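This report refers to the structure that appears directly beneath it.
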Amino acid sequence: MTFVTDGALGINLAETTTGTTTDGADAKFRLGQRVTASDGSVWLYVQAGAAITQYYTVTIDENYQAVHCTKALVDAGHQIGFAQVAFADNEFGWVCVHGPGNITIRVAASCAADVQLYTTSTAGVLDDTSASQTIIRGVVIVAAATNTASSREAIAVYPNATATP
């Protein structure tokens, strides 16, 4: 089980708490707070800007509102993270923004292991086919997906969509 190791107290990375607005009111921690976990992963405290499905890739805006990842949001420069638990709209919780292993992400059918991944037309799901989508650098799955969309173990080393120099 992964636990926070940087001295922050009272953090349960699998917990979400209820929020009622998108302004961070009643947040248990400061929106945008980062913590490091025992496996070297880094987590960011966010508020769901809409319901988020467990294991889906999310984008996080400047107000730390997280929503399922889309090409448009990635192209706009939003930060990338991975929801390891489901969130209801407006809930607060932690998403992984750097996972050297032991995280799970949702990928499309027949997605290959150890290759670059891209956004897809299905918000929150990544794939190995570009099809006019945006590449998410630093993310690979460790075992190929079969004929159906599925959740797979991934390595996500500070994922981003910036152009290579």
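Looking at the stretch 114-130, is at least one residue under 20 Å from residue 2 (Cα atoms), of a type in the set (A, V, I, L, M, F, W, C) and outside any strand (DSSP E or B)? No, the stretch 114-130 has no match at all. Taken together, the residues in the stretch 104-113 that are under 23 Å from residue 4 (Cα atoms) and buried (at least 20 other Cβ atoms within 10 Å of the Cβ) amount to 1. Looking at 85, 107, just one residue is β-branched (Val, Ile, Thr), touching a Ser or Thr at 6+ places or on another chain (Cβ under 7 Å), over 25 Å from residue 36 (Cβ atoms) and modelled with pLDDT of 95 or more, and that residue is 107. Each residue in the stretch 51-66 was checked for being within 12 Å of the chain's Cα centre (by Cα) and either assigned to a loop (DSSP other than H, G, I, E, B) or at pLDDT below 95 (or both), and 4 of them qualify.
With respect to residue 95, determine if the residue is among the aliphatic types (A, V, I, L, M), closer than 25 Å to residue 48 by Cα and surrounded by fewer than 18 Cβ atoms within 10 Å (Cβ to Cβ). Outline the logic, then answer.
Working: among the aliphatic types (A, V, I, L, M): yes; closer than 25 Å to residue 48 by Cα: yes; surrounded by fewer than 18 Cβ atoms within 10 Å (Cβ to Cβ): no.
Here the answer is no, as residue 95 does not meet what is asked.
Within the stretch 1-18, being in a loop (DSSP other than H, G, I, E, B), surrounded by 10 or more Cβ atoms within 10 Å (Cβ to Cβ) and among the aliphatic types (A, V, I, L, M) holds for 8, 11, 13, 14.
The values are calculated or read from the model by the stated rules, or taken from the named source; none is laboratory data. Predicted model only: the values in this text are computed from it and were never measured. Neighbour counts run over all protein chains shown; Cβ positions are idealised from the backbone, glycine included.
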